[in-house]
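Written out below as structure tokens is the structure these notes cover.
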């Protein structure tokens, strides 16, 4: 079993934080779009929503694919597909369903409500901030 990387996005500040969780257990059965309490990851007073993720092989999770199986889909756009150049062009890409399983290696989530300092509630130092973008 692999450890789970949880990428927490603070929409207000535009920063993304990485938190490593030793087990996937508390997230198994959830799917993209589900909301969960920050108490699961020691962020008391926050509520988060799952926005995406990837499995242990690096394949992205897609919300429009039910279950947790790997499939090779013909896609024109969206997660798992780069921008195609010709009109009507399709690409066959491997993706995984939007449900969280033991094979999930990363979960992306965003903060939808809560008060307080995100960095202090996660126990993260400023060096561990992954990205910082300007919010307009």
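The values are calculated or read from the model by the stated rules, or taken from the named source; none is laboratory data. Worth saying up front: this structure is predicted, and the values here are computed from it rather than measured. Neighbour counts run over all protein chains shown; Cβ positions are idealised from the backbone, glycine included.
Scanning the stretch 67-98 for residues that are closer than 24 Å to residue 5 by Cβ and assigned to a loop (DSSP other than H, G, I, E, B) gives 67, 68, 69, 78, 79, 80, 81, 82, 98. Among the residues making up the stretch 1-38, those that are surrounded by fewer than 13 Cβ atoms within 10 Å (Cβ to Cβ), in contact with a strand residue (DSSP E or B) (Cβ under 6 Å, 6 or more places away or on another chain) and within 12 Å of residue 110 (Cβ to Cβ) are 11, 35. One residue stands out in the stretch 39-66 among those that are modelled with pLDDT of 90 or more, touching a helix residue (DSSP H, G or I) at 6+ places or on another chain (Cβ under 9 Å) and crowded, with 18+ Cβ neighbours inside 10 Å: the one that is farthest from residue 23 (Cα to Cα), namely 46. Of everything in the stretch 78-99 that is under 21 Å from residue 31 (Cα atoms) and out of contact with any strand residue (DSSP E or B) (no Cβ under 6 Å at 6 or more places or on another chain), the residue that is modelled with the highest pLDDT is 97.
Residue count for the stretch 20-40 under the criterion of being under 17 Å from residue 102 (Cα atoms) and either in a strand (DSSP E or B) or more than 14 Å from the chain's Cα centre (by Cα) (or both): the result is 9.
Scanning the stretch 1-37 for residues that are touching a helix residue (DSSP H, G or I) at 6+ places or on another chain (Cβ under 8 Å) and free of Cβ contacts under 8 Å to residues at least 24 places away in the same chain yields 21, 26. May I ask you to list the residues in the stretch 42-59 that are touching a strand residue (DSSP E or B) at 6+ places or on another chain (Cβ under 8 Å) and touching a residue at least 60 places away in the same chain (Cβ under 8 Å)? Answer for the stretch 42-59, where residues must be touching a strand residue (DSSP E or B) at 6+ places or on another chain (Cβ under 8 Å) and touching a residue at least 60 places away in the same chain (Cβ under 8 Å): 43, 45, 46, 47, 48, 49. Restricting attention to the stretch 100-123, the residues being assigned to a strand (DSSP E or B) and closer than 17 Å to residue 26 by Cα number 6.
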